[in-house]
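The values are calculated or read from the model by the stated rules, or taken from the named source; none is laboratory data. Predicted model, so just to flag it, every value in this text is computed and none were measured. In this analysis, Cβ positions are derived from the backbone assuming ideal geometry, glycine residues included, and neighbour counts consider all displayed protein chains.
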Amino acid sequence: MDKIENKETVASTHKIGIYLWIWGLLFVLSFFSYMVDWFQFQGLLRWTLILIFMFLKAGLIMAFFMHLFWERYALVNVLLWPMTAIACFIGLMAAEAKYTVFTRLLYFFIGG
Amino acid sequence: MSDEFNQKNTPIKAQSSESTSGSSGSSKDIDYVRPAELPEQDLYHGHSFITKWIFCQDAKVIGVQYFLTAVFTGIVGLVLSWLMRLQLGFPELVPFITAEHYYQFVTMHGMIMVVYFLTALFLGGFGNYLIPLMVGARDMVFPYVNMVSFWMFFIAVCVLMASFFVPGGPTGAGWTLYPPQAILPGTPGSNMGIILMLVSLSLFVIGFTMGGLNYIITILQARTRGMTLMRMPLTIWGIFTATALAMLAFPALLVSCIMMTLDKMLGTSFFMPTILQAGEVLSYGGGSPVLFQHLFWFFGHPEVYIVALPAFGIVSDLISVHARKNIFGYRMMVWAIVGIGALSFFVWAHHMYVSGMNPWFGFFFATTTLIIAVPTALKVYNWIITLFRANIRMNTVMLFCLGFIVTFVNGGITGIFLGNVAVDIPLSDTYFVIAHFHMVMGIAPLMVIMGAVYHWFPLVTGRMLNEKLGKWHFWFTFLGAYSIYFPMHYLGFIGVPRRYFEMYDSPYVTSAIGMNEFITVAALIVGFSQLIFIYNIVVSLSIGKPAGKNPWKANSLEWLTPEVPPAHGNWGEKLPVIHRWPYDFNVPGAKEDYITQTTPPSEVISAEVEKT
Amino acid sequence: MSDNSLNNLPGGFKGMSQDMGSDQTAFKGVQWGKVMMWIFLLSDTFIFSCFLISYMKGRASTVVDWPNTSEVFSLHVNGVPVPLLLIAIMTFVLITSSGTMALAVKYGYEKNRKMCGWLILATAIGGLTFVGMQVFEWSKLIHEGVRPWENPFGAKQFGSFFFMITGFHGTHVSIGVIFLFIYARKVFRGDFDNGKRGFFTTMKSDYVAIEILGLYWHFVDLVWVFIFAFFYLW
């Protein structure tokens with residue numbers, strides 16, 4: 001690789017501050033996630049909070065540590081749209097699980 | 001890194017080929033093409049026999065290696081099919097074929113043909129050879145990883161073949177490997193056989209991930225100057241989309257293989273419910289066999305499109321070259337390929353209508369299955385319209401293309417039958433399904449493979465295959481394949497089940513006996529007639545007519561290398577520069593009936609070329 | 001890495017359609033190795049997604065109660081059970097190592113070999129610590145009777161999914177740690193400055209390789225975020 005002038009490279013990297021900010025935010029979110037268990041929230045509130053904090057943390061890591069915030073749209077879209085197939089799979093398997101447990105309860109316990 | 005990205009000197013200006021803003025060059029240079037963004041690829045050169053022919057990093061050699069290995073496995077699969085047909089047509093004839101053996105043949109035939117033959121052939125064989133040539137690169141972007149990917153595939157094949165020789169023999173669970181039977185006694189090969197199969201599949205997935213990265217990134221990031229995505233031949237679009245599907249679908253297969261291996265080896269209960277075996281309650285419990293089916297078919301359905309899409313792409317190119325006409329509706333063909341690829345992830349449970357899954361799923365999957373039929377049908381219409389009033393050369397290649405269209409339409413229509421839940425219920429697990437998938441995935445892509453070999457043999461070897469032998473080969477194969485699979489639809493309608501070792505003395509399937517004999521005889525004839533093909537290839541290698549450069553007068557880049565067969569580095573001193581799409585055939589006003597992709601506009605100024 | 005000429009290109013969706021419509025490259029200014037890692041990570045995401053989806057399906061289908069994760073994964077400090085303590089520490093370690101990796105990439109591009117090398121080593125140590133704690137957790141649970149095929153706390157599948165998912169993740173971390181040590185050595189030796197050719201691939205070394213390894217490492221952290229949320233917390 002040809003040597004790139006220092007001036008060019010220094011200008012194109014980020015200042016250390018942003019990494020420390022994101023790092024701090026990740027700790028705060030992890031702490032909040034931990035608090036969800038500490039306070040023993042249950043049910044829908046628990047799951048909603050878990051998911052929100054999880055997606056926020058994932059989003060911060062992908063956007064800033066993995067640099068996607070600054071990448072061009074072509075790359076970001078190519079990476080994110082396939083997740084719709086996963087989302088479809090998740091939804092359908094949740095429905096399948098409900099059906100499975102229903103048939104088990106029906107046939108093993110109620111004797112249907 | 002093999003691409004030394006020079007950011008200092010090269011101005012990066014994303015510019016579509018269709019930009020008419022004038023920013024491309026105020027000099028009104030009609031031959032202008034954007035300068036290179038990247039410096040030349042740092043190409044590896046092998047110097048010893050081992051680095052030039054064994055552990056070779058040249059994609060062309062790797063492509064031939066994949067091709068030969070895949071064809072070897074295909075021949076094994078073909079022989080297995082003969083053994084199966086012998087049992088079905090003439091049950092007492094070969095005492096060696098017991099029920100256990102029969103199910104082992106069924107399983108190995110299926111797995112070999114779908115995964116190790118067709119996928120490896122299209123992606124590894126055609127992909128490796130054609131991608132760098134057709135996009136104007138010197139080689140794949142990661143030649144070392146490419147080389148490793150072939151040897152992973154080779155090891156996977158060795159492990160698979162080893163399963164024939166272990167105690168218990170290979171697995172007889174069906175290519176779908178459904179638990180709980182696959183790992184329980186009663187199913188052949190439920191000990192070592194299934195383990196080796198799962199290990200082999202895992203190795204295959206790892207190898208094809210490596211190869212797939214190469215194909216995708218070469219197509220996206222290593223095209224030559226002027227080669228936009230919409231100027232790539234449809235062959236590349238088909239292989240590219242299939243590779244993208246492979247990258248996203250193989251993970252589900254890997255996961256299901258790992259979980260089934262753990263169920264067998266560690267006694268976990270991912271897929272194993274509470275189960276009785278010969279009166280004894282096993283220690284498994286709580287698992288879900290239908291989960292395996294969902295995971296397997298989440299892979300399995302994209303897999304069949306991984307086999308079909310390259311065939312779609314290749315046949316489009318073969319038709320346009322041999323009919324001397326641009327492919328009708330190129331852009332829609334591209335979007336259809338991409339659309340089919342995307343939709344293929346949302347249709348998987350149409351293989352599971354009778355599995356006992358959540359009954360409401362039938363609505364969702366039948367709907368998406370019928371939707372995916374639309375872009376597929378669009379492609380068929382476009383192939384036919386391409387042929388309409390074209391200057392068709394009725395050579396062997398064109399015959400195989402026509403054979404593809406006929407068999408694919410047949411298989412596709414029966415797919416509509418099976419895609420509907422209510423119609424699928426009586427037809428599921430009958431010979432109707434076998435007829436459907438052999439037509440659409442076996443015969444049709446095989447026609448394309450054979451046509452492609454006749455088409456590209458002159459490029460790879462510098463010699464033509466014999467036309468007369470080719471035509472005999474075609475008619476035997478086409479008529480024979482129809483004789484095999486068309487009657488099978490009837491067998492399916494009357495309810496003859498698949499994966500049955502024998503037909504028994506059932507009064508309602510007496511008509512099946514004669515039919516099975518007929519199908520078997522046809523299968524053996526078609527199988528042996530492939531010797532014509534092999535003979536043609538072997539003999540033409542030495543005494544075939546020398547082809548010279550671009551014997552078919554095609555437009556795409558692979559025919560335009562300075563040396564034929566293409567040498568290492570493909571293009572000699574200078575990389576090609578692209579000015580048009582590969583379908584400028586019979587352009588009004590042009591001197592010849594074809595204009596190659598590298599022909600600059602100034603040389604065909606009198607022709608009414610469309611801007612592509 | 002952005003530089004002046006990349007900034008001249010239109011951004012947003014218009015930029016995306018122009019990029020995709022242009023010749024030569026679809027991802028402007030992105031080296032081949034980086035695209036390779038991203039697409040590999042996409043594939044790996046599908047693998048872990050399938051594992052987690054299977055876990056969801058398996059757990060939601062049991063008629064036997066699923067073990068209480070707060071209790072199973074708690075550590076006893078001075079006789080007081082602290083739920084998920086080990087996991088919290090592991091999360092802290094992994095996020096920190098992600099931070100040091102991001103800094104290492106920055107210093108790498110600035111050609112600051114010392115800072116880069118030490119930060120890569122710090123990341124590697126973090127990863128090693130994480131794996132060590134994971135091993136400790138495994139041994140603790142095995143000691144308490146958790147096996148892949150059964151466990152004393154609840155549904156059979158708990159042990160199966162736990163060992164499989166954390167095992168796969170731990171393997172990914174371990175592979176990352178190995179590469180981190182290799183790259184630390186390359187940085188200290190100055191291979192990335194010299195463009196020294198690699199042993200296997202014979203391709204020239206370049207600082208973008210550290211960014212590529214960084215992507216892998218952040219992915220490993222990302223998967224942990226999901227495993228932590230779905231397996232330990234849920």
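Structure values in brief
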read-out: Subset of the range B:520-567 [surrounded by fewer than 19 Cβ atoms within 10 Å (Cβ to Cβ), in contact (Cβ under 8 Å) with a residue 40 or more places away in the chain and aromatic (Phe, Trp, Tyr)]; value: B:TYR535
read-out: Any hit, the range B:287-299, residues being of a type outside the set (Asp, Glu), buried (at least 20 other Cβ atoms within 10 Å of the Cβ) and within 20 Å of B:LEU378 (Cβ to Cβ); value: no
read-out: Selection status of C:GLY214, more than 8 Å from chain A (Cβ to nearest Cβ) and either farther than 16 Å from C:GLY108 by Cα or touching a residue at least 40 places away in the same chain (Cβ under 8 Å) (or both); value: no
read-out: Options B:MET259, B:MET272: the member that is in contact with an Asp or Glu (Cβ under 6 Å, 6 or more places away or on another chain) and either farther than 30 Å from B:ASN586 by Cα or at pLDDT 95 or above (or both); value: B:MET272
read-out: Residue that is nearest to the other protein chains (Cβ to nearest Cβ), among those in the range B:240-254 that are touching a Leu at 6+ places or on another chain (Cβ under 6 Å) and not polar (S, T, N, Q); value: B:ALA252
read-out: All positions within the range C:71-86 that are part of a helix (DSSP H, G or I) and more than 10 Å from chain A (Cβ to nearest Cβ); value: C:GLU71, C:VAL72, C:LEU86
read-out: Of all residues in the range C:61-70 being more than 18 Å from A:PHE41 (Cα to Cα) and surrounded by 17 or more Cβ atoms within 10 Å (Cβ to Cβ), the one that is farthest from the other protein chains (Cβ to nearest Cβ); value: C:THR62
read-out: Answer residue from the range C:165-203, given it is without any contact (Cβ under 8 Å) to a residue 24 or more places away in the chain, touching a Ser or Thr at 6+ places or on another chain (Cβ under 9 Å) and of a type outside the set (Ser, Thr, Tyr) and is farthest from C:ILE53 (Cα to Cα) among those; value: C:ASN194
read-out: Any hit, the range C:87-110, residues being touching a Leu at 6+ places or on another chain (Cβ under 9 Å), within 9 Å of chain A (Cβ to nearest Cβ) and not in a helix (DSSP H, G or I); value: no
read-out: Neighbours by Cβ (under 9 Å, 6+ apart or cross-chain): first from the range B:130-145, more than 13 Å from chain C (Cβ to nearest Cβ); second of a type in the set (Lys, Arg) and in a helix (DSSP H, G or I); value: B:PRO132/B:LYS60; B:LEU133/B:LYS60
read-out: Identity of the residue in the range B:47-89, assigned to a loop (DSSP other than H, G, I, E, B) and touching a residue at least 40 places away in the same chain (Cβ under 8 Å), that ends up surrounded by the most Cβ atoms within 10 Å (Cβ to Cβ); value: B:ASP58
read-out: Among residues of the range B:344-372, those that are assigned to a helix (DSSP H, G or I) and either surrounded by fewer than 18 Cβ atoms within 10 Å (Cβ to Cβ) or facing chain A (nearest Cβ under 10 Å) (or both), counted; value: 13
read-out: Unmet requirement for C:MET56, which otherwise passes all of (1) at the interface with chain A (Cβ under 9 Å from one of its Cβ atoms); (2) within 16 Å of the chain's Cα centre (by Cα); value: (2)
read-out: Test: residue in the range A:18-35 that is over 19 Å from C:GLY99 (Cβ atoms), of a type outside the set (Phe, Trp, Tyr) and either in contact with a Cys (Cβ under 6 Å, 6 or more places away or on another chain) or surrounded by fewer than 19 Cβ atoms within 10 Å (Cβ to Cβ) (or both); value: yes
read-out: The listed residue being of a type in the set (Phe, Trp, Tyr), closer than 22 Å to C:TRP38 by Cβ, assigned to a helix (DSSP H, G or I) and under 21 Å from the mean Cα position of the chain (by Cα), out of A:PHE89, A:PHE53, A:PHE31; value: A:PHE89
read-out: Given (1) modelled with pLDDT of 95 or more; (2) farther than 27 Å from B:VAL526 by Cβ, number of the condition B:SER81 does not satisfy; value: (2)
read-out: Wholly within the range C:129-234, helices (runs of 4 or more DSSP H) carrying at least 2 residues that are within 22 Å of B:ILE258 (Cα to Cα); value: C:157-189, C:208-227
read-out: Given (1) free of Cβ contacts under 8 Å to residues at least 40 places away in the same chain; (2) crowded, with 20+ Cβ neighbours inside 10 Å, number of the condition B:MET192 does not satisfy; value: (2)
read-out: Hey, B:LEU318 crowded, with 23+ Cβ neighbours inside 10 Å and in contact with a Cys (Cβ under 8 Å, 6 or more places away or on another chain) or not; value: yes
read-out: Which numbered condition C:PHE48 fails, given (1) surrounded by 15 or more Cβ atoms within 10 Å (Cβ to Cβ); (2) at the interface with chain A (Cβ under 9 Å from one of its Cβ atoms); value: (2)
read-out: Selection status of A:LEU20, among the hydrophobic types (A, V, I, L, M, F, W, C) and at pLDDT below 95; value: yes
